[in-house]
Amino acid sequence: MIPSVDDLAQQVAERASDRDRFVVALAGPPGAGKSTVAERLVRVLNHRNEIAALLPMDGFHLDNIVLEARGLTHRKGAPETFDALGYAAILQRVRAMPATEIAVPIFDRMLDLARAGGAVVAPHHRIVVTEGNYLLVDRSPWADLSSQFDLTIWLDVEDDTLQERLIRRWLHHGLSREAAISRAFDNDMQNVAWVKRLSGPADITLR
């Protein structure tokens, strides 16, 4: 289906109408547009007075120092370069403690690092939208996340489009065209294939 973000916000609002805390998981491969859709969804929900907060999985990137020590710098963004258990713990707190203010980390793309306490999920945030590559992956530890989600959304994008977007992303970050192509194919597209192969079905699929 190809609904507008307004249509999606309406569905979320209806499903969350009787809940103190409702968690929406937006998943898809790298370059699918998860951050853009999630940010717009939160903005529309807040415009409708359905007070919402954003909790990106990117805030749980392992630091570059840790990746370098493990020989994983070239694989940044791969499943093993995230603190999956830390992300799961925050999700559990967000769901189980709706009356408590919870600080969450945010990934700063310009600085290329996660900032601890970069955002706050407050008691008035009745709806929490979280997004990330691996939220629907049916492999440990990611498979354990499913119990924390009230609604799941999958962004379905063709590989050719993802390749173009990922190359543009690295060009935007200052890489040469050759380096951008190498980064997209040697790392990102491997993660695309892994995510698409191992992700389970979502409640809503957006194409």
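The values are calculated or read from the model by the stated rules, or taken from the named source; none is laboratory data. Note that this is a predicted model, so its numbers are computed, not measured. All Cβ positions, even for glycine, are placed from backbone atoms using ideal geometry, and neighbour counts span all protein chains on display.
Observations on the model:
- Near pairs, Cβ below 7 angstrom, 6+ apart or cross-chain, from the range 129-146 (part of a strand (DSSP E or B)) to any residue that is surrounded by fewer than 23 Cβ atoms within 10 Å (Cβ to Cβ) and not hydrophobic (A, V, I, L, M, F, W, C): E131/S35; G132/D58; V137/S199
- Which numbered condition D159 fails, given (1) in contact with a helix residue (DSSP H, G or I) (Cβ under 7 Å, 6 or more places away or on another chain); (2) surrounded by fewer than 21 Cβ atoms within 10 Å (Cβ to Cβ); (3) in contact (Cβ under 8 Å) with a residue 40 or more places away in the chain: (3)
- Every pair of residues 6+ apart whose Cβ atoms lie under 8 Å, when the first sits in the range 180-200 and is surrounded by fewer than 16 Cβ atoms within 10 Å (Cβ to Cβ) while the second is in a helix (DSSP H, G or I) and of a type in the set (G, A, S): G200/S146
- Note on the range 1-36: among residues that are among the basic types (K, R) and surrounded by fewer than 19 Cβ atoms within 10 Å (Cβ to Cβ), the one that is farthest from the chain's Cα centre (by Cα) is R19.
- In the range 16-37, the residues that are more than 30 Å from E158 (Cβ to Cβ) form Cβ pairs under 6 Å with partners that are among the aliphatic types (A, V, I, L, M) and not in a loop (DSSP other than H, G, I, E, B), at six or more places apart or across chains, as follows: A16/I127; F22/I127.
Yes/no matrix, rows are residues, columns are (1) of a type in the set (A, V, I, L, M); (2) in contact (Cβ under 8 Å) with a residue 40 or more places away in the chain:
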position	(1), (2)
D58	no, yes
I65	yes, no
R70	no, no
P79	no, yes
R93	no, no
E101	no, no
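- Filtering the range 44-73 to residues that are part of a helix (DSSP H, G or I) and farther than 19 Å from F107 by Cα leaves V44, L45, N46, H47, A69.
- Search result, residues across the range 1-15 that are in a helix (DSSP H, G or I) and either free of Cβ contacts under 8 Å to residues at least 12 places away in the same chain or of a type in the set (D, E) (or both): D6, D7, Q10, E14
- For D108, the criteria (1) touching a helix residue (DSSP H, G or I) at 6+ places or on another chain (Cβ under 6 Å); (2) surrounded by fewer than 19 Cβ atoms within 10 Å (Cβ to Cβ) hold in every case but one, which is (1).
- Verdict on T100 being under 18 Å from the mean Cα position of the chain (by Cα), loosely packed, with under 14 Cβ neighbours inside 10 Å and either polar (S, T, N, Q) or not in a helix (DSSP H, G or I) (or both): no
- Residue within the range 169-182 that is of a type in the set (S, T, N, Q), closer than 21 Å to E39 by Cα and either modelled with pLDDT under 95 or outside any helix (DSSP H, G or I) (or both) present: no
- When P141, P105 are checked against the criterion of being of a type outside the set (F, W, Y), under 14 Å from the mean Cα position of the chain (by Cα) and over 25 Å from S17 (Cβ atoms), a single residue qualifies: P105.
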